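Below is one structure; the comments refer to it alone.
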Amino acid sequence: METRNISRRNFLGKTAATTTLSLGGIGLVKEAFAGQGADKPRREVWIASFSQAGMSAPTPESMTGQILEKLKEVLVYRPDFVCLPEAFPFESVEKRFTLTEMVKISDEIQGQIAAFSRENKCYTVCPLYTSVDGKFYNSAIVFDREGKEAGRYNKIHETEGGINKGVTPGALYQPAIQTEFGPVGVQICFDMRWDDGWKMLKEQGTKIIFWPSAFSGGDLVNTRAWQNHCIVVSSPNKYIARLCGISGETIASTGIWNSNVFCAPVNMEKAFLHTWPYVRRFKEIEKKYGRAVRITNFHEEEFSIIESLSPDIYVKDILEEFDIKTFDEHIGSADQAQKKARL
């Protein structure tokens with residue numbers, strides 16, 4: 001019997017070939033998905049994100065074309081949101097441009113991304129350079145499902161290098177962007193090093209924060225998710241893009257087997273709890289709701305996640321029924337009690 005040693009390189013090659021063949025059947029899979037929207041869980045959101053790892057192009061237009069081509073791989077999942085990397089048309093391209101030139105090119109590329117959103121009925125986070133009243137910004141424009149601008153964010157914490165080139169830091173307060181999934185927000189790259197922008201978005205009730213970046217962030221992305229009790233999506237110019245749930249777990253990411261793009265679902269019907277004293281009610285909840293509800297305890301950190309797995313059950317109703325406060329409500333109540341006791 002012949003034994004064959006399959007090298008990692010050969011395996012990758014075979015995998016790539018199989019993937020290419022599989023993509024030929026996307027049209028058939030799309031038909032299979034058609035009409036299934038009604039079966040989706042009530043608050044499930046599908047999120048796609050992109051990494052420019054290993055990519056290069058001669059021009060911004062060529063880079064944009066490559067990205068749009070690669071995004072076809074995830075359209076079969078009908079993503080609700082697509083996030084692109086920071087200033088993506090100008091990264092890993094051969095030609096260099098002035099800030100004025102980059103704004104002009106960005107204006108042209110906006111139209112392509114708006115058309116992508118409109119054609120695929122998705123929100124797209126599109127990081128580009130913009131100009132308003134003679135000032136230049138490192139921005140992210142969010143296009144809605146119709147290809148219209150739903151909102152934009154200007155990077156608050158610009159680097160010294162960017163400032164020296166003429167980029168203006170964004171306002172310290174910027175409104176969250178409204179969607180049918182609740183408010184969403186954006187932070188960009190260097191914003192990771194400051195708490196204020198993340199806090200600003202959390203205080204507005206933001207459910208998802210998109211983080212286009214030059215660097216991939218690693219565990220910092222997970223940390224921002226559990227610190228702010230919201231979904232965080234990274235989209236870097238290099239290395240790993242990832243999707244993190246409210247407890248900080250990595251739900252999906254790019255990597256050596258899928259280096260540029262992923263698309264994955266997230267259940268938004270969750271609440272972040274301080275474990276004690278509410279753990280005393282968990283058995284009652286499990287007894288009543290069984291498989292329809294999942295409770296996950298982080299034993300050492302002493303926080304818990306309660307999640308509805310049924311489209312007919314809302315977590316807020318469970319919390320009200322069993323007199324349970326969210327983590328933020330619990331900490332806020334304790335803070336008020338402490339202030340009162342100090343008087």
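Please treat every number below as a calculation from the coordinates, not as lab data. All values reported here derive from a predicted model rather than from experimental measurement. Neighbour counts run over all protein chains shown; Cβ positions are idealised from the backbone, glycine included.
Per-residue ellipticity at 222 nm for the chain, helices alone: DSSP H runs ≥ 4 residues times -39500 (n - 2.57), over residue total, nearest 500 deg cm²/dmol?
On the way: 11 runs with 117 residues, N = 343.
Helices in the chain give a 222 nm mean residue ellipticity of -10000 deg cm²/dmol.
Using per-residue counts of other Cβ atoms within 10 Å, averaged over each peptide, order 78-84, 326-332, 310-316 from highest down. Mind dumping the intermediate values first?
Working: 78-84: 24.4, 326-332: 15.3, 310-316: 13.7.
Ranked by mean Cβ neighbours within 10 Å, highest first: 78-84, 326-332, 310-316.
When N is the residue count of the stretch 201-280, what does its C-alpha Rg come to as a fraction of 2.2 N^0.38 Å? Mind showing how you got there, number by number?
Details: Rg = 13.7 Å, N = 80, 2.2 N^0.38 = 11.6 Å.
Ratio of Cα Rg to 2.2 N^0.38 Å: 1.17.
For the chain, give me the percentage of DSSP beta bridges that are antiparallel, rounded to the nearest 5 percent.
Values: 38 of 55 bridges.
Close to 70 percent.
Can you give the FRET efficiency for Glu149 and Phe215, using 1/(1 + (r/R0)^6), R0 = 22 Å, r = Cβ-Cβ distance, to the nearest 0.05? Mind dumping the intermediate values first?
Working: r = 27 Å, r/R0 = 1.23.
Calculated value: 0.20.
Given a cut-off of 30 Å, name the pairs among Lys121/Lys283; Lys104/Lys148; Lys72/Lys95 whose C-alpha atoms lie farther apart than that in the structure shown. Walk me through the numbers before you get to the answer.
Values: Lys121/Lys283 42 Å; Lys104/Lys148 19 Å; Lys72/Lys95 26 Å.
Over 30 Å Cα-Cα: Lys121/Lys283.
Which of the helices in the chain, when you take each full DSSP H run, stretch at least 18 Å along the axis at their Cα atoms and have an average Kyte-Doolittle score of -1.0 or higher?
Numbers: long enough: 8-23 (22 Å, -0.16); 99-120 (31 Å, -0.26); 327-342 (23 Å, -1.34).
Length and hydropathy pass: 8-23, 99-120.
Between Lys104 and Glu44, how many nm apart are label points set 7 Å from Cα along the C-beta direction?
4.8
Arrange the peptides 202-211, 53-62, 163-172 so that the one whose residues have, on average, the most other Cβ atoms within 10 Å appears first.
Peptide ranking by packing, descending: 202-211, 53-62, 163-172.
Once a ≥ b ≥ c are taken as the square roots of the eigenvalues of the Cα gyration tensor of the stretch 271-342, is the result rounded (a/c under 1.5), prolate (a/b larger than b/c) or oblate (a/b not larger than b/c)? Kindly include the intermediate steps, with their values, before the conclusion.
Working: a/c = 2.50, a/b = 1.93, b/c = 1.30.
Since a/c reaches 1.5 and a/b is larger than b/c, the shape of the stretch 271-342 is classed as prolate.
Highest mean first, how do 95-101, 223-229 rank when packing is the count of other Cβ atoms within 10 Å averaged over residues? Working shown, then result.
Details: 95-101: 12.3, 223-229: 19.9.
Per-residue Cβ counts within 10 Å, averaged per peptide and sorted highest first, yield 223-229, 95-101.
By the gyration tensor of its Cα atoms, with a ≥ b ≥ c the square roots of the eigenvalues, what is the shape of the stretch 97-235: rounded for a/c under 1.5, prolate for a/b over b/c, or oblate? All intermediate terms of the calculation are to be shown ahead of the outcome.
Details: a/c = 1.75, a/b = 1.11, b/c = 1.57.
Taking the square roots of the gyration eigenvalues as a ≥ b ≥ c, the stretch 97-235 is oblate.
Separation of the stretch 107-128 and the stretch 271-338 by C-alpha centroid, Å?
After rounding, the separation between the Cα centres reads 38 Å.
Size of the chain along its principal axes in angstrom, Cα-based, largest extent first?
Between the extreme Cα coordinates on each principal axis of the chain lie 69, 62, 41 Å.
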